[in-house]
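Following: one structure in structure tokens, then a few remarks.
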Amino acid sequence: MEMKNMIVGQSGGPTAAINSSLYGVAAEGLRQKEFIGRVYGMVNGIEGFLEGRILDFEDVLPGNTLEGLKTTPGAYLGSCRYKLPEDLSDPVYPELFAKFEELQIGYVFYIGGNDSMDTVSKLSRYAASVNSDIRFIGEPKTVDNDLVLTDHTPGFGSAARYVASTVREIVIDANVYEKRSVTIIEIMGRHAGWLTAASALARKYKGDNPLLIYLPETAFDQEAFLKKVEACFDKNPNVIVCVSEGIHDDKGTFICEYDNHVGTDTFGHKMLAGCGKYLENLVRNRLGVKARSVELNVSQRCSASMMSAADQKEAVMAGEFGVRAALRGYTGKMVAYKRTCNLPYAITLGLEDVNEICNKEKTVPLEWITGDGSDISDDFVIYALPLIQGTVEIPMGTDGLPAFVYRK
């Protein structure tokens with residue numbers, strides 16, 4: 001096999017585990033000395049690569065310093081939201097491949113979610129059209145857990161652990177008063193409510209808060225919501241409600257659009273935020289009780305302190321597996337998790353056609369959504385609980401704060 005170099009990039013929103021996947025790819029590439037020469041990184045994804053921004057892992061994270069990636073949140077290489085043209089005859093493709101050839105790249109790995117898999121799909125299809133032997137592998141990543149053909153995605157377990165832990169803390173905080181109150185917790189999730197569903201893990205017993213959980217998989221009815229909140233006061237004077245940022249009415253209008261202007265990103269996705277605040281005002285004005293809203297925002301995806309050891313371990317495994325798959329000749333594939341058992345929890349790794357993954361979304365099964373759209377079944381708890389297990393020890397600096405690795 002001819003010696004070739006490899007390059008890896010990160011794209012889309014970061015997670016607490018995306019750098020663990022990066023570690024897996026880079027570490028395995030560096031181990032494969034017989035087949036792989038240099039291990040490069042794209043700085044700010046495919047967009048940065050087009051602008052000539054790359055780094056060499058042996059230079060920037062030599063020796064054991066590479067290990068620091070596993071406990072560093074964010075995206076070490078930097079990210080982008082660059083959408084490659086649909087038309088494969090666009091001049092950007094020969095430009096990209098000329099840069100790959102200049103660096104003698106034989107293997108390209110891209111870590112990201114749905115839109116990143118779209119990039120892998122286009123690059124692998126263009127490679128086939130020009131008879132290029134460069135191999136392209138997608139490494140899954142997203143706190144949204146919405147990639148199809150994989151049991152779950154790296155990043156989800158850690159974010160779910162953060163959500164469950166934070167919601168439990170908020171429940172404890174809210175319970176100090178006897179006066180009626182409602183706390184709305186807004187959680188990430190545009191079309192898929194996996195992360196909001198994780199709030200159910202915060203419950204310590206049946207009937208515990210959060211008493212209401214709303215996902216975007218079902219339509220949200222304001223009047224029914226207000227009636228349910230009132231009924232919840234019979235169980236607890238302090239009602240905790242968890243909602244996905246993407247909850248919408250039966251006409252498809254996002255609740256956050258009721259009183260906010262919503263912009264769009266470069267992929268045409270609406271940038272959602274504000275449904276929690278809207279519902280806070282709705283409850284206060286209609287029910288006349290104390291109400292507050294909490295938006296968990298980016299903390300859900302960047303909390304190293306809440307990183308799941310299971311998530312970290314699996315992310316590293318996925319990175320390593322992808323490199324070995326590329327060396328075996330695979331291209332146009334995404335690394336996927338296959339659950340083989342719930343009790344005890346076990347998975348295997350496999351490959352799926354990236355063309356069957358990109359531009360599709362895996363939503364929470366409707367049979368896991370109960371209470372007329374206001375609660376989550378035990379089936380979800382059985383599914384999610386293994387993914388949040390284990391605590392990762394974060395190295396600390398002399399200042400008493402986490403010692404992350406930084407790109408200079």
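Quick check on the chain: helices-only [θ] at 222 nm, where DSSP H runs of length 4 and up contribute -39,500 (n - 2.57) each and the sum goes over total residues. Nearest 500, please. Let's see the in-between values first.
Values: 12 runs with 128 residues, N = 408.
Rounded to the nearest 500, the figure is -9500 deg cm²/dmol.
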**OP:** Classify the chain as rounded, prolate or oblate from the Cα gyration tensor: take a ≥ b ≥ c as the square roots of its eigenvalues, call it rounded if a/c is under 1.5, otherwise prolate when a/b beats b/c and oblate if not.
**Re:** prolate
**OP:** Enter the Cα centre distance for the pair the stretch 159-177 and the stretch 345-387, rounded to the nearest angstrom.
**Re:** 23 Å
**OP:** Would you mind checking Lys206/Lys362; Lys33/Lys333; Lys235/Lys360 for any pair whose Cα atoms are more than 31 angstrom apart?
**Re:** Lys235/Lys360
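Hey, could you grab the Kirkwood Rh for the stretch 1-128? Inverse mean 1/r over distinct alpha carbon pairs, Å, one decimal.
Working: mean 1/r = 0.0674 Å⁻¹.
It works out to 14.8 Å.
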Subject >> Helix 222-232 axis, angle to the chain major axis (alpha carbon atoms, nearest 10°) >> reply: 70 degrees
Subject >> Between the stretch 37-55 and the stretch 181-200, the Cα center-to-center distance that results, in Å >> reply: 35 Å
Original post:
Which of the lysines could a cross-linker span from Lys277 if the Cα-Cα distance has to be under 16 Å and same-chain partners fewer than 8 positions apart are dropped?
Top reply: Lys290
Original post:
Quick one: what does P(r) look like for the stretch 202-262 with 5 Å bins over all Cα pairs, in whole %?
Top reply: 4, 17, 24, 22, 17, 10, 5, 1
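Note the full-extension length gain between Glu102 and Glu2 as 0.36 nm times their separation in residues minus their Cα-Cα distance, in nm to one decimal.
Taking Glu102 through Glu2 to full extension adds about 34.4 nm, to one decimal.
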Original post:
Assuming R0 = 60 Å, what is the FRET efficiency of Glu58 and Tyr205, from their Cβ-Cβ distance, to the nearest 0.05?
Top reply: 0.70
**OP:** Pull the list of the chain cysteines that no other Cys approaches to under 4.7 Å, Cβ to Cβ.
**Re:** Cys80, Cys232, Cys242, Cys302, Cys341, Cys358
Original post:
Which whole-angstrom value gives the distance between the alpha carbon centres of the stretch 98-116 and the stretch 272-311?
Top reply: 37 Å
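Would you calculate the volume per residue, in Å³, of the smallest convex hull containing every Cα atom of the stretch 69-122? Walk me through the numbers before you get to the answer.
Working: hull volume 5.8 nm³, N = 54.
It comes to 107 Å³ per residue, whole-number rounded.
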Original post:
Over all pairs of distinct alpha carbons, what does the Kirkwood formula give as the hydrodynamic radius of the stretch 315-408, in Å?
Top reply: 17.3 Å
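Sorting check: for 337-348, 170-181, which peptide has the highest mean count of neighbouring beta carbons within 10 Å, and how do the rest follow? Working shown, then result.
On the way: 337-348: 12.1, 170-181: 14.3.
With the highest mean Cβ count within 10 Å placed first, the list reads 170-181, 337-348.
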Original post:
For Lys408 and Asn175 in one chain, what is 0.36 nm times their gap in residues minus the Cα-Cα distance, to one decimal in nm?
Top reply: 79.3 nm
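No value in this document is a laboratory result; all are computed from the given coordinates. In this text, all values refer to a predicted model and were calculated from it rather than measured experimentally. Cβ sites come from the backbone with ideal geometry, for glycine too, and all protein chains shown count toward neighbours.
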